[in-house]
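So the structure is just underneath, and the comments pick up after that.
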Protein chains: 2
Amino acid sequence: MQRLHARLPSRSYDVLVGRGVLEALGAALRDVVDGAQAVVCTDENVAPLYLEPASSSLRAADFEVSHVVIPAGERQKTLERVEEVFGVLYERGFTRDDVLVALGGGVVNDLFGLVAATYLRGMRLAQAPTTLLAQVDAALGGKVAVDFRAGKNHVGTFYQPWLVVADTGTLATLPPRELRSGAAEVVKYGLLAGGALMAELEAIAERGGMRPDDVSDVLVSACAGYKIAVVEDDEREETGRRAVLNLGHTIGHALEVAGGYSRFTHGEAVALGLRATLRLSVAVCGMPPDEAVRGESVLDRFGLPARAARLPAEQVVRLIRRDKKAGRDGVRYVLLEALGAPVTGVSVAPELEEEVVRWITGGAA
Amino acid sequence: MQRLHARLPSRSYDVLVGRGVLEALGAALRDVVDGAQAVVCTDENVAPLYLEPASSSLRAADFEVSHVVIPAGERQKTLERVEEVFGVLYERGFTRDDVLVALGGGVVNDLFGLVAATYLRGMRLAQAPTTLLAQVDAALGGKVAVDFRAGKNHVGTFYQPWLVVADTGTLATLPPRELRSGAAEVVKYGLLAGGALMAELEAIAERGGMRPDDVSDVLVSACAGYKIAVVEDDEREETGRRAVLNLGHTIGHALEVAGGYSRFTHGEAVALGLRATLRLSVAVCGMPPDEAVRGESVLDRFGLPARAARLPAEQVVRLIRRDKKAGRDGVRYVLLEALGAPVTGVSVAPELEEEVVRWITGGAA
């Protein structure tokens, strides 16, 4: 088991990574939470697999356990769903000292994180991510949100958990497409960090792509550790430091929305965004073209999509320009000067932005 | 004009207090906000009086100004209203750098504060309180929330503004009942701080009660300064220090809810809560009875209600015990050992709690 520690201005907490650590959930939580009640919140895919292990671990630590199970999928991330869960907590008499355990993938972490952040102005929260994407990204760093109209994560806040338990054993039951999607976020960290992490990903790619056994605790910890270090420096995305984590996401989000959240998973959209970003990096930041090719090759070997063919480029450009991180002067990109050398706050000429979007939404290179 | 400065972990900002300072809103905001757009959010009572002065001050500082006007009253503090305002901001293309100005009383500060805190995970916010209650309490300290079912402020977060502009000139147009209600919160500060502030309130009481001209900039600043100092120590109500501000509010909230938010204003309910708290303080904390009488006398002279006659005591007790600040071991009270000497985290025996509720909801002393 790997134990990371996040030291943020608003809260410090442990991040446990390892096969079987879900069994340690209750005991680890009992160390930091006083409340009598725990509600395990999850979705219909995860519930049959991990609701019972999580619940018994909590019961063994003297929590009174109940649960909330919602349908799976991004379309659950609505204000209506948040309000419904408020109603459940209200009926069950939850206090601030009681704990909400978000058990599942990114949707579960985001949606129930927002519930915990705002119910009674903030109750105890534990994140128990069960997808690769959530273990290296969504469950870390305190961003919680739901979607609003066409805006992904358009309504939310920053709220740190009291504990993160990332059981890498759960990845064995992840559908292959979900594992590939998580791999896209892992590639993001490889591009940002370069060095040993990028080399490890290229080695996995050489072996033919990422399978559950390729995801070592050390690999997940390396990604989680990168993210935690960034978030420790800029918890609320105010200094610009945290912006590096958006590598590939500005265009990726727009593609995800343009695809109606159904054509691409979040990770697939991020992979497309990373490809577009590598192209922009070569054009704008002087990234060596061979390094961009190395990034693209890993994405190829991991079976991630190459193009968002037939999405309307004009709509994608419009969505990019309405990104929630856009300021007065338009969208600022995170690009790479080289592998391991991100730069933030980069302006891209509108024509180039449009050209890259046409490229990623086109059939041809 | 008085200029206070709040230095909080999450943000530092100025609090301007004085007659006519609404004219300075735009210029002061331009110093701390980059955005192009400002939306002035207010209610139907305040709009005819102060929407235009606020808007022209903002236009003069080069903001593109629009507005949102809602009906007045606590019943507006709903999740539905929050979602509706999200829709308006979405349609108008607001970014995080744009600013929401909450112009009005406590309802406006709470509701629109929550909108600003969660839209795009937080956009710029200015509080421009126009009631005495909001100027000394609701607009300060970053608590933003809406009501949920029977739970007052049951859903919300902590979010500090970029600027607070408290124009004491607006108190001249406040209905007398609203001024009295604000006076209840001022009395709370008098009880907490004792000394010169309590003496000043007793002098105003001697003159026959609080009129707009009795509310000096210095008086508002003294209350605001007390609150800011407390919040600086405990922004998110975690160390217990901030709990002193709940003096009278645990019972007050329950009475407000039991009265359906219509029988008592928030301030009237707080006044009743303060009376009950003074009684508990004498019984539990050894507060000298003559000091409790001094507190009650000021509330009498300010024309605040003496009893919540005919409210069902059992319901009020139930509501108290479901208070959102209740922990595993039940409700903890803020009481006084003496004027100017609050103590927090006090347990009260259930029988005494019930007796005091019967007293405050009864006709007789």
Here the equivalent ellipsoid of segment B:186-227, derived from its Cα gyration tensor, has semi-axes (largest first, whole Å) of 16, 12, 7
In nanometres, the difference between 0.36 nm per residue of separation and the alpha-carbon distance of residue B:88 and residue B:49 is 11.8 nm
In nanometres, the difference between 0.36 nm per residue of separation and the alpha-carbon distance of residue A:229 and residue A:149 is 25.6 nm
For chain B, the longest principal axis of the Cα atoms and the Cα long axis of helix B:176-193 enclose an angle in degrees, to the nearest 10, of 70 degrees
Here the Cα Rg-to-2.2 N^0.38 Å ratio for the protein assembly as shown is 1.01
Taking every other residue with Cβ under 12 Å from the Cβ of residue B:225 and scoring Lys and Arg +1, Asp and Glu -1, one gets 0
About its Cα centre, segment B:261-365 carries a charge dipole, from +1 on Lys and Arg Cβ atoms and -1 on Asp and Glu Cβ atoms, whose size in debye to the nearest 20 is 440 debye
Expressed in Å to one decimal, the Kirkwood Rh of segment B:90-249 from all distinct alpha-carbon pairs is 16.4 Å
A chain fully extended from residue B:177 to residue B:213 at 0.36 nm per residue, minus the present Cα-Cα distance, gains in nm 11.4 nm
Of the listed links B:143/B:227; B:77/B:143; A:77/A:188; B:77/B:152, those spanning more than 21 angstrom between alpha carbons are A:77/A:188
Averaged over residues of B:151-160, the number of beta carbons from other chains lying within 10 Å of each residue's Cβ is 4
Mean other chain Cβ within 10 Å across B:113-122 is 6
Note on segment B:1-98: contact order normalised by length, alpha-carbon pairs under 8 Å, 6 or more apart, percent, works out to 28 percent
Distance in nm between residue B:262 and residue A:283 label points, each 7 Å along Cα→Cβ, equals 6.2 nm
In debye to the nearest 20, the charge dipole size for chain A, taken about the Cα centre with +1 at each Lys and Arg Cβ and -1 at each Asp and Glu Cβ, equals 680 debye
Rounded to whole Å, √(5λ) for the Cα gyration tensor eigenvalues of chain A, largest first, gives 34, 22, 18
The correct pair for segment B:275-359, radius of gyration to one decimal and Dmax as a whole number, both in Å and from Cα atoms, is 13.3, 39
For the protein assembly as shown, the dipole about the Cα centre with charges only on Cβ (Lys and Arg +1, Asp and Glu -1), to the nearest 20 debye, works out at 560 debye
Sorting B:68, A:293, B:298 by the position of each Cα along the dipole of the protein assembly as shown (Lys, Arg +1; Asp, Glu -1; all at Cβ), the one nearest the positive end of that ordering is B:68
Charge dipole of the protein assembly as shown built from unit charges on the beta carbon (Lys, Arg +1; Asp, Glu -1), centred at mean Cα; most positive-end Cα among A:174, A:244, A:262 is A:262
Per-residue ellipticity at 222 nm attributable to helices in chain B (runs of n ≥ 4 DSSP H, -39500 (n - 2.57) apiece, nearest 500 deg cm²/dmol) works out to -13000 deg cm²/dmol
Contact order relative to length for segment A:236-365, counting C-alpha pairs under 8 Å separated by 6 or more residues, stands in percent at 31 percent
So, relative contact order of chain B in percent, Cα under 8 Å, 6 or more apart, is 15 percent
For chain B, the longest principal axis of the Cα atoms and the Cα long axis of helix B:195-206 enclose an angle in degrees, to the nearest 10, of 80 degrees
Mean per-residue count of partner chain Cβ within 10 Å for A:7-19 equals 1
Under the 7 Å Cα-to-Cβ spin-label approximation, residue A:347 and residue B:300 lie apart by a distance in nanometres of 6.9 nm
Taking Cα atoms only, helix A:266-285 is inclined relative to the longest principal axis of chain A by an angle, in degrees rounded to 10, of 40 degrees
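Laboratory data are not the source of any read-out in this text; all were calculated from the coordinates shown. Model, not experiment: these values are computed from the prediction. Note that each Cβ is placed from the backbone with ideal geometry, even for glycine, and that neighbours are counted across all protein chains shown.
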